[in-house]
Amino acid sequence: MLTAPVVKIIDSSAVDGPGNRSAVFLQGCNFNCEYCHNPETIDPEGRPESLRFLTVEQVVDRVGRSLPFIRGLTISGGECMLHEAFVYEVCLEAKRRYGQDFSCLLDSNGSIPYDRVLPVIDGVLLDVKAVDESAHRALTGASAAPVMAQAAALAKEGKLTEIRTVVLGNCDEAEKCILRVAERIVEAAGADALRNISYRLIKYRPKGVRKEYLKTLKVPGDKEMVRLERIASDCGFSPVVIV
Ligand code: SF4
């Protein structure tokens with residue numbers, strides 16, 4: 001029976017995509033972001049105390065308990081696409097039971113193509129952490145190239161729900177993220193596509209971050225956050241949200 005390591009399930013969340021949604025967090029990630037505030041979820045072999053191996057049925061049952069107060073579910077991580085087959089089956093089964101309008105989103109780092117799960121998901125909340133290859137590698141330990149390719153591919157399919165960027169003290173990289181990803185989306189799907197894609201600018205906060213990175217990562221100023229918000233709005237993303 002197909003199972004996955006589930007770290008936690010939040011029955012109703014307002015920050016994991018549009019509306020109230022259940023959020024399912026899976027263990028294991030293929031990035032190692034310096035600012036990760038849940039570093040205990042990175043190691044695929046890691047076993048945080050809350051972790052349980054759950055079946056597709058168990059996850060879909062649990063999510064169903066929150067109906068009618070949620071509009072869907074979001075599968076997050078770690079990196080949920082490391083459990084691609086499980087993600088596919090959960091979304092397929094949730095839609096079978098709760099209807100095609102029950103929305104299924106992924107919160108994901110864009111390193112793994114979504115082709116297989118695309119037919120059963122409604123969209124992706126895509127992390128764009130840096131666009132310069134060297135900056136992305138330094139921050140995450142992985143290449144930026146697949147992320148930009150997934151942004152374009154999802155936009156083409158109308159399944160890019162939101163871009164998420166954690167903004168660090170020097171906002172230069174976040175600004176490049178906004179401009180470069182907007183350019184890729186426009187190339188792939190046209191300028192109108194941006195109007196249906198939200199941009200979430202997440203102010204870096206040191207909570208939960210491993211102590212070896214605390215000295216080098218800086219919190220950005222509020223003025224800079226507002227400046228980035230304007231840049232993203234001017235590009236055409238809608239809505240743009242600062243958190
Ligand atoms: S992609 Fe997310 S879960 Fe993975 S290391 Fe980065 S911040 Fe942590």
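Values for this structure:
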read-out: Accessible carbon and sulfur surface of segment 1-124 relative to its total accessible area, %, 1.4 Å; value: 52
read-out: Lys/Arg +1, Asp/Glu -1 at C-beta; the chain dipole; positive extreme among H83, C29, L214; value: L214
read-out: Accessible surface of segment 128-243 [probe 1.4 Å, protein heavy atoms]: carbon and sulfur percent; value: 52
read-out: Value in Å of the Kirkwood radius, where the chain supplies the Cα pairs that are averaged; value: 18.2
read-out: Order by protection proxy (mean Cβ within 10 Å, highest first), peptides 61-67, 72-78, 84-90; value: 72-78, 84-90, 61-67
read-out: Lys, Arg +1 and Asp, Glu -1 on Cβ, resulting dipole of the chain about Cα centre, debye, nearest 20; value: 520
read-out: Under 14 Å, Cα to Cα: Lys pairs in the chain, sequence gap 8 or more or different chains; value: 6
read-out: Within segment 1-124, percent of DSSP bridges classed antiparallel, to nearest 5; value: 45
read-out: At least 15 Å along the helix axis (C-alpha) and Kyte average at least 0.0, DSSP helices within the chain; value: 145-157, 172-189
read-out: Cα centroid separation, segment 160-211 to segment 63-115 (Å); value: 22
read-out: Per-peptide average of other Cβ atoms within 10 Å, ordering 104-116, 130-142, 46-58, 210-222 highest first; value: 104-116, 130-142, 46-58, 210-222
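The values are calculated or read from the model by the stated rules, or taken from the named source; none is laboratory data. The model shown is predicted, which means the values in this text are computed figures rather than measured ones. Here Cβ is always computed from backbone atoms with ideal geometry, including for glycine, and neighbour counts include all displayed protein chains. What goes into the accessible areas is simple: the full protein's heavy atoms, side chains included, and nothing from ligands, DNA or RNA. Shrake-Rupley method; radii C 1.70, N 1.55, O 1.52, S 1.80 Å.
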